[in-house]
Structure formats: C-alpha cells, structure tokens
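Comments concern the structure below.
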Amino acid sequence: MTGVTVHIRAKTFPAQSGAPERALYRDFLLEVADGSFVAVLGPSGLGKTTLLNMIAGLDRAFEGEIRFTGGAEPRIGYAFQNPRLLPWRTVLQNVLLPLDGSPASERRARSLLEEMGLGDAADVYPERLSVGMQRRAALARAFALEPDLLLMDEPFVSLDEANAEKLRDLLAALVARRPTTVLFVTHDSREAHRLADRVVTLAGPPVRIAEDRAVRPSSGATAGTESGPRR
Amino acid sequence: MTGVLGRLGWSAASLAVLAAVWWAAAAYAQSPLLPSPPQVLDALRAAAASGDLALNLGATLARVAVSFGLAMVLGSMLGVWLGLSPTADRLLGPWVTLFLNLPALVIIILAYVWFGLNEWAAIAAVAVNKVPNVAVTLREGTVALSRDLSEMAAVYRFGRWTTLRHVALPQLAPFFAAAARSGLALVWKIVLVVELLGRPNGVGFELQTAFQLFDVATILAYALAFGLIVQAIEIGVVQPWERAANRWRR
C-alpha cells in the first residue's frame, strides 16, 4: 500500500479554437493517507479525470510532483470511466495480462472472477457481455493486481441503480478483505459517503478543495486527517 | 463446414455462368481469336505436358511471394512509423503520395535501366510499386489506434512486447488484411509486366511470346491457371486468417 501526496503548482488546459488557455489547477495540494479510501467529489468537467491521470503518470504535462510514500513505483490499479478491456482477448486473458504470469497469479485471477460472478464468463470475449459485467471484469483486473493504489474514475456511472449498488457492495467487500489505498472520483455525493472514509469536495476552476471531511474512521494504517477547507 | 461449402457452391455457380456465356460467344464468333473453353483447356494441357506451365508459374509465384513479402514488411514498418511520428509524416508523407501516383511502368523501366535486367531489379521494382499502398493503409490504422487502450497498457505496465502483441497488432490486423488483399492483386499484375519487359521466364514472358504468335488460347490458359492459384490463396489463406482474427467480434 502507499499514500500519495499530490502537489500541482500549475496545470493548464491548452488554448483551442479561439478559447484562451485556462488554468485547471494552481497550487493544489492533496494528501491521501496510506490505506485510506478517499472519494473526490465534484461537478463533471472540472478536471477530476485529469487529476487521476496525473497521479497514474498518464499526464505529465504539469508543474509539480506526485509523491508516493510506499516507494517510487507503486502498483497502480486504474478502473477507468469505461471498462477499457481488450475486446480481442477473453475476460480471463484481460485480467491476466497485467499480472506476472505465475500459476499463483492465475489462481488468484480465477478465484476473483468466480467471486465476482464472472466464473462462467472467464473465456468469453468482453463485447458479448453486458456493460455491468464488463465493469466487473475491469474491476477484477484492477484488483487481481493487488494494487498499492487503486484509482477509480466514476466506475459505476451509466449503470442502473440496482447494478451500481451491487457493484458498490462488491467493492466495499473487496477493499475490506484486502485493504488498499483508494482514490475514488465521482459526482454522486451519496455514493461518495456510502463508500469512502474521507470525502474531498472540489470546486473551481482553478480546482481547489472546497470541503474535506472524514466520514468514518479510516480502516487503513494511518487515519485520514480531519480538517476544514484548505489549499 | 456448411458455410464453407455454401460459399464455394455459390462461387462455382457464378463462375459456371461466366464459362457458359464465354462458350456461347466463342461458338457464335467461330474465330481463333476467341477460342472456346475446351480449346483453352487443350492449350493448358499442352503447356502442362511440356513442363512450361509449371516452370513459368513457379517462377512467377516465387517473384510474387518475395516482392509481396518485402512490400508488406517494408510498407508496414514505414506506415506504422509515419502513423506514430507526425514529424516523419510531414517529412516523408509527400514522398509516399508521390510514389503512390508514379505509374508502375516508370518504376519498372527505371529499375531495369539503373540496376540492369536482373532478378533483383525486377523484384525491387514490384516491391517499390506496392510499398506506398501498404504504408498508407497501415498509417491510417496506426493513427486510429485507441488512445484509451494505450493508456490502459501504460498504467498496467504491459511493456513493449505485450503492448505490441495484445494491444496494437489486433487493432492493426484489419488494415494488414486490407493491404494484403489489395496487395496480392496488384503485385501479381505488376510481376507480369516486369516479366514481359525483362525476364526470360514466367507467366508474363510466356504471355508476350503467345501475343507475338496471336495464340489467344495459350494467353487464356495462363490467365486461367494463374487466376485459380490467386483464388486458392485468397480462399485458403487470407480469408481463414481474417476469420480467425475477427472471431472476438459480436
């Protein structure tokens, strides 16, 4: 597991088609404690996905630094807004590809799929599955890695409420059994409070933390810091 | 299996109609310049019996295979590179367009003039004709590579080889197939021209000889034999590979 310190001095969105360059982040600081489950709440289009991409190392066009407390290169599981499964590989192959290929990791992947109700779908190509099952497969891929840090970008959006609720239960159970640091981006306040032990509400632009509240004691090694709005 | 048989059945029926029309036209014309199907089959048998057919078909197929393989490999590498690097595309893109529109005959004549009437000049001329086609197709495929999946591969640390094999190549497969299919058709036609102009054997050379003798039956016999072989490659190799590469689709 790892904690994360996100310090973004400046992140700008390039000028395009007449619109001037605009500041997305300026002097932004977010500390995520090791083992905490932090929900990041904010309206669509604010730059929440950009934040996750900067943490994941996909977006390096910013000034500032991302520091991981558990070592420079943590294992990161990323549940994207869309499942982003390889359609030409079976569900099991999709889950196995990020792993090291050892028999132990294959056993782990299979039992995880079983547990997530995808046991029969292991050898099926993703596009033959429902969206809900595809999301579960993407979640299985992120979890099978046993990540130090799990990034989740509205992973339950566009699901019907019953299915979303089932997946939330599943996520809570998985995190309870194998604790990891989670950064969960959503625009759904209820979802944030239901899952997280700390809810950070963003406003902007440029993005700042409007509210930072611990909603329950953290299950992780270090308790999430309770504090008011900060910059 | 019924699917394959059904397809073959339809192809056979369609070709049978073509043969019937041909036969009727030949019977009506009653001219050595339009021989009937049996006359062409006789010419085919004669060429096969003398060993010329196997020799010439073999020589042509070998040239097709080598120049096709060369063009696919070089063209794919060039196309992927142009697709990945906007700078390379800006620098070399206009060259590709130029070569794409250069008549095949010009390239063939220049290759013979500059490098002599030899085997490698012939093969290189065919490959150079085909490379721009492959490059343009693969450039398109590379530009269309999914950014979402590339990011996924980066986050999950797939590494170069796994990314190529499991993320990039499956996306490029339809473009390879398109390039291969149009490539095969183009390459074997150009190979005949190359042979006609400067090789002492091959189907193109044989056609030129037959042309000088106005031996239309032999011309059609070689065209038939070669057409059958190309069809066999299409049905036996290209289509099954395409089906295998697409079995994940809904």
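So which residues in the range A:36-68 are in a loop (DSSP other than H, G, I, E, B), modelled with pLDDT of 85 or more and closer than 15 Å to A:V199 by Cβ, if there are any at all?
Listed by number, the residues that qualify are A:S36, A:G42.
Out of curiosity, is B:V128 more than 14 Å from chain A (Cβ to nearest Cβ) and part of a helix (DSSP H, G or I)?
For B:V128, the condition - more than 14 Å from chain A (Cβ to nearest Cβ) and part of a helix (DSSP H, G or I) - is met.
When the residues of the range B:176-206 are narrowed to those that are under 19 Å from the mean Cα position of the chain (by Cα) and free of Cβ contacts under 8 Å to residues at least 60 places away in the same chain, which ends up nearest to B:L33 (Cα to Cα)?
B:L196
If you scan the range B:231-250, which residues turn out to be of a type in the set (G, A, S) and either assigned to a loop (DSSP other than H, G, I, E, B) or within 14 Å of chain A (Cβ to nearest Cβ) (or both)?
Those that are of a type in the set (G, A, S) and either assigned to a loop (DSSP other than H, G, I, E, B) or within 14 Å of chain A (Cβ to nearest Cβ) (or both): B:A244, B:A245.
How many residues are without any contact (Cβ under 8 Å) to a residue 24 or more places away in the chain and of a type in the set (S, T, N, Q) if we restrict to the range B:67-96?
Total satisfying the criteria: 2.
Suppose we filter the range B:109-131 for residues that are buried (at least 24 other Cβ atoms within 10 Å of the Cβ) and either more than 13 Å from the chain's Cα centre (by Cα) or closer than 17 Å to B:P200 by Cα (or both); how many remain?
Of the residues in the range B:109-131, 4 are buried (at least 24 other Cβ atoms within 10 Å of the Cβ) and either more than 13 Å from the chain's Cα centre (by Cα) or closer than 17 Å to B:P200 by Cα (or both).
Kindly list the number of the only condition in (1) surrounded by fewer than 17 Cβ atoms within 10 Å (Cβ to Cβ); (2) within 16 Å of A:P83 (Cβ to Cβ); (3) hydrophobic (A, V, I, L, M, F, W, C) that fails for A:L113.
It is condition (1) that A:L113 fails.
Could you list all residues from the range A:164-194 that are part of a helix (DSSP H, G or I) and touching a residue at least 60 places away in the same chain (Cβ under 8 Å)?
Listed by number, the residues that qualify are A:V175, A:S189, A:E191, A:A192, A:H193.
Of all residues in the range A:109-130, how many are closer than 22 Å to A:V182 by Cβ and of a type outside the set (S, T, Y)?
Adding up the residues that qualify gives 7.
Quick one: how many residues across the range B:136-185 are more than 9 Å from chain A (Cβ to nearest Cβ), of a type in the set (G, A, S) and touching a Phe, Trp or Tyr at 6+ places or on another chain (Cβ under 9 Å)?
Residues in the range B:136-185 being more than 9 Å from chain A (Cβ to nearest Cβ), of a type in the set (G, A, S) and touching a Phe, Trp or Tyr at 6+ places or on another chain (Cβ under 9 Å): 5 in total.
May I ask you to list the residues in the range B:27-45 that are surrounded by fewer than 18 Cβ atoms within 10 Å (Cβ to Cβ) and either of a type outside the set (G, A, S) or touching a Leu at 6+ places or on another chain (Cβ under 9 Å) (or both)?
Result: B:Y28, B:Q30, B:P32, B:L33, B:L34, B:P37, B:P38, B:Q39, B:L41, B:D42, B:R45.
Does any residue in the range A:73-102 that is at the interface with another protein chain (Cβ under 8 Å from one of its Cβ atoms) and under 19 Å from A:G132 (Cβ atoms) come within less than 6 Å, Cβ to Cβ, of a residue that is surrounded by fewer than 21 Cβ atoms within 10 Å (Cβ to Cβ) and among the charged types (D, E, K, R) six or more places away or on a different chain, and which pairs are these?
Hits for this filter: A:R84/B:D148; A:P87/A:E127.
Among (1) under 24 Å from A:W88 (Cβ atoms); (2) surrounded by 20 or more Cβ atoms within 10 Å (Cβ to Cβ), where does B:Y222 come up short?
Only one criterion is unmet by B:Y222, namely (1).
List every residue pair whose Cβ atoms lie under 8 Å apart, where the two residues are 6 or more positions apart in sequence or sit on different chains, the first residue falls within the range A:44-63 and is closer than 13 Å to A:I8 by Cα and more than 14 Å from chain B (Cβ to nearest Cβ), and the second residue, located anywhere, is among the hydroxyl-bearing types (S, T, Y) and buried (at least 21 other Cβ atoms within 10 Å of the Cβ).
A:G47/A:Y25; A:L51/A:Y25; A:F62/A:Y25
Answer yes if at least one residue in the range B:112-134 is within 30 Å of A:L85 (Cα to Cα), in contact (Cβ under 8 Å) with a residue 24 or more places away in the chain and out of contact with any Pro (no Cβ under 8 Å at 6 or more places or on another chain), and no otherwise.
Yes: the range B:112-134 contains one or more residues that are within 30 Å of A:L85 (Cα to Cα), in contact (Cβ under 8 Å) with a residue 24 or more places away in the chain and out of contact with any Pro (no Cβ under 8 Å at 6 or more places or on another chain).
With (1) in a helix (DSSP H, G or I); (2) surrounded by fewer than 20 Cβ atoms within 10 Å (Cβ to Cβ); (3) touching a residue at least 40 places away in the same chain (Cβ under 8 Å) as the list, and A:V157 as the residue in question, which single condition is left unmet?
With (1) in a helix (DSSP H, G or I); (2) surrounded by fewer than 20 Cβ atoms within 10 Å (Cβ to Cβ); (3) touching a residue at least 40 places away in the same chain (Cβ under 8 Å) applied to A:V157, the lone miss is (1).
Considering (1) within 30 Å of A:L145 (Cα to Cα); (2) assigned to a helix (DSSP H, G or I), say which one B:L145 fails and leave the rest.
Condition (2) is where B:L145 drops out.
One line per residue, one yes/no per condition, for (1) under 23 Å from A:L183 (Cβ atoms); (2) more than 19 Å from the chain's Cα centre (by Cα); (3) buried (at least 21 other Cβ atoms within 10 Å of the Cβ):
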| residue | (1), (2), (3) |
| --- | --- |
| A:V4 | yes, no, yes |
| A:A23 | yes, yes, no |
| A:T49 | yes, no, no |
| A:A61 | yes, yes, no |
| A:E73 | yes, no, no |
| A:I76 | yes, no, yes |
| A:N82 | yes, no, no |
| A:L96 | no, yes, no |
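Residues are listed down the side, and each one gets a yes or a no for (1) under 16 Å from B:M152 (Cβ atoms); (2) free of Cβ contacts under 8 Å to residues at least 60 places away in the same chain; (3) not hydrophobic (A, V, I, L, M, F, W, C):
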residue	(1), (2), (3)
A:L113	no, yes, no
A:M116	no, yes, no
A:G119	no, yes, yes
A:P126	yes, yes, yes
A:S130	no, yes, yes
A:R136	no, yes, yes
A:F143	yes, no, no
A:E146	no, no, yes
A:L150	yes, no, no
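Look through A:D100, A:D120, A:D153 and report the one residue that is acidic (D, E) and within 18 Å of the chain's Cα centre (by Cα).
Just one listed residue meets the conditions, A:D153.
Going by the conditions given, is B:L207 in contact with a Leu (Cβ under 8 Å, 6 or more places away or on another chain), within 14 Å of chain A (Cβ to nearest Cβ) and of a type in the set (A, V, I, L, M)?
In short, no.
The values are calculated or read from the model by the stated rules, or taken from the named source; none is laboratory data. Please read all numbers here as calculations on a predicted model, not as lab measurements. Cβ sites come from the backbone with ideal geometry, for glycine too, and all protein chains shown count toward neighbours.
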